[in-house]
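Taken together, the values in this text are just the output of simple stated rules run on the coordinates, not laboratory data. The model shown is predicted, which means the values in this text are computed figures rather than measured ones. Neighbour counts run over all protein chains shown; Cβ positions are idealised from the backbone, glycine included.
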Amino acid sequence: MSTNPYAAPRAQVADDTVVLSGNFIPEGTSRPAGRGWNWIASAFALFKAAPGVWIGMALVWFVITIVGGMIPFLGPLATTVLWPVFVAGFVTASRNCEQRDTCEFTDLFAGFRERFGALVVVGLISLAISIAVFLAVFAVMGIGFFAFVGGNMDAQAAAAMGMSVLLAVLIATALLLPLAMAAWFAPPLVLFHDMAALQAMKMSFAGCLKNMLSFIVYGLLLFVAAILATIPLGLGWLVLGPVLAASVYTAYRDIYFSPQEQQPGE
């Protein structure tokens, strides 16, 4: 019997290609708030199936991100655009751990082999919207923001501008939250279901919107876990990082597939 009650049955075809079984629900379905914990627990179970591989993939992605950040302009731009490609690799590893009880380091690069173009489009759309949001916020703030940063204000003006900055941050967060919802499940929807980028982002937003309470529980638990993972010189992130990546897959499987009925005797 599977230790994960929400996992799909294992299914393979003749060429050893893993296929996703179950009833796929493109727009997603609502789950109870407690499922936020289930997503994390199920992701940890996937991590335990191949901890060395997961840690290796997380370290490589971390190094790629750091090195990319050191390359002026093009490096950060490339890592920002390519994030869905690497997420596709992590969800591929998650799928293989779930259905084969193992995964391989090369799974990290699955997004470069399959649906690369559509995954990059997701990254480009996310980047374009993020830039538009920040430009709009800065336009509303005006040149007063730069005076505030430079300290060229009296106390009263600085206090007023400080409130404006806080308001701008809240507005940016409110505008970027829908983007995060649209992007969260886009990589697995593009990779496993051949969806176009915009369609996948639309379905991702719908799935997240139906599970806001679950995501609140999920976010709070991860916030606490992040604090604990940071305490021992950040070494806890060697586990939490892969678990967070795998939880994208476990949440996707729970939201976009109908629960599997167990057969007698399983």
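Where does the charge balance sit around residue 214 when Lys and Arg score +1, Asp and Glu -1, over other residues with C-beta under 11 Å from its C-beta? The partial results should precede the final answer.
Working: positive: 31, 35, 210; negative: 254.
Here the charged neighbours net out to +2.
Find the all-direction average of the projected area of the Cα convex hull for region 159-207, expressing the result in square nanometres with one decimal place.
About 3.5 nm², averaged over all directions.
For region 31-72, list log₁₀ I(q)/I(0) at each q in 0.14, 0.26, 0.30 Å⁻¹, using the Debye formula over Cα point scatterers of equal strength and ignoring solvent, two decimals each.
-0.52, -0.82, -0.92
Could you sort 87-97, 116-126, 60-70 so that the peptide with the highest average Cβ count within 10 Å comes first and the rest follow in order?
Descending mean neighbour count gives 87-97, 116-126, 60-70.
Would you grab the residues whose amide H sits under 5 Å from the one on residue 257? Only those 5+ places off in sequence or on another chain, please, with H modelled 1.01 Å from N.
25
Residue-wise, which Karplus ³J(HN,Hα) couplings in Hz belong to region 213-224, taking 6.51 cos²θ - 1.76 cosθ + 1.60, θ = phi - 60°, and x for glycine or proline?
5, 4, 5, 5, 4, 4, x, 5, 5, 5, 4, 5
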